Amino acid sequence: MAFIIKPLVTEKMTKITDKSSESKKLKAANEKAAKVKNAVEEKVSYVVKKKGKADVMKEKTVYTYVKPALPKYGFIVKPEANKLEIKAEIESLYNVTVLDVNTMRYAGKRSSRYTKAGLVKGQKSAFKKAIVTLKAGDQIDFYSNI
């Protein structure tokens, strides 16, 4: 059963994809976490100022590491689709490895307009959006079949 309605190729989704495709420089919480993530040790010195006392120079150790970027893509899917079904369908359609699927539900917006017949009220249909994280190196080309 086809759960994917259409890929999200909008300006907003492109910004999310571009932002997630940049490597991030993060700080490790402690020395143990730094060893796990192969963090680099840096010494940072700073000045502590106290009222009525002399300035004190202090130094602390900060562990920084680089979190590699993973490609993300957005899709509008049917509201009844779950994450496992979305993952299986994207892997079969695009021949990629999906690491993570995040979903968001959107309620249908109420809309009304004035016509000759009077006020016409209606509602846009509800939908679900899925943000899919792929394995590093995988890529989806939406324009390949045009």
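The values are calculated or read from the model by the stated rules, or taken from the named source; none is laboratory data. Because the structure is predicted, anything quoted here is derived from the model rather than measured. All Cβ positions, glycine included, derive from the backbone under ideal geometry; neighbour counts span all protein chains shown. Heavy atoms of the whole protein, side chains included, go into the accessibility calculation; ligands, DNA and RNA do not. Shrake-Rupley method; radii C 1.70, N 1.55, O 1.52, S 1.80 Å.
Residues are listed down the side, and each one gets a yes or a no for (1) open to solvent by less than 100 Å² (accessible area, probe 1.4 Å); (2) at pLDDT 85 or above; (3) closer than 30 Å to residue 128 by Cβ; (4) in contact with a Lys or Arg (Cβ under 8 Å, 6 or more places away or on another chain):
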position: 13; (1), (2), (3), (4): yes, no, yes, no
position: 20; (1), (2), (3), (4): yes, no, yes, yes
position: 43; (1), (2), (3), (4): no, yes, no, yes
position: 52; (1), (2), (3), (4): yes, no, no, no
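Close contacts from region 44-72, counting a first residue that is closer than 30 Å to residue 136 by Cβ and a second that is in a loop (DSSP other than H, G, I, E, B) and among the hydroxyl-bearing types (Ser, Thr, Tyr), with Cβ to Cβ under 9 Å and a gap of 6+ residues or different chains, come to 66/23; 67/23; 68/23; 69/21; 69/23; 70/21; 71/21; 72/21. Note on region 41-95: residues that are under 26 Å from the mean Cα position of the chain (by Cα) and in a strand (DSSP E or B) amount to 11.
For the structure I just gave you, tell me whether residue 104 is at pLDDT 90 or above and of a type outside the set (D, E, K, R). Taking the combined requirement at face value, the residue satisfies it. Restricting attention to region 115-136, the residues being in contact (Cβ under 8 Å) with a residue 12 or more places away in the chain and open to solvent by 60 Å² or more (accessible area, probe 1.4 Å) number 6. Is at least one residue of region 100-114 open to solvent by 60 Å² or more (accessible area, probe 1.4 Å), assigned to a loop (DSSP other than H, G, I, E, B) and under 30 Å from residue 131 (Cα atoms)? Yes, that holds for at least one residue.
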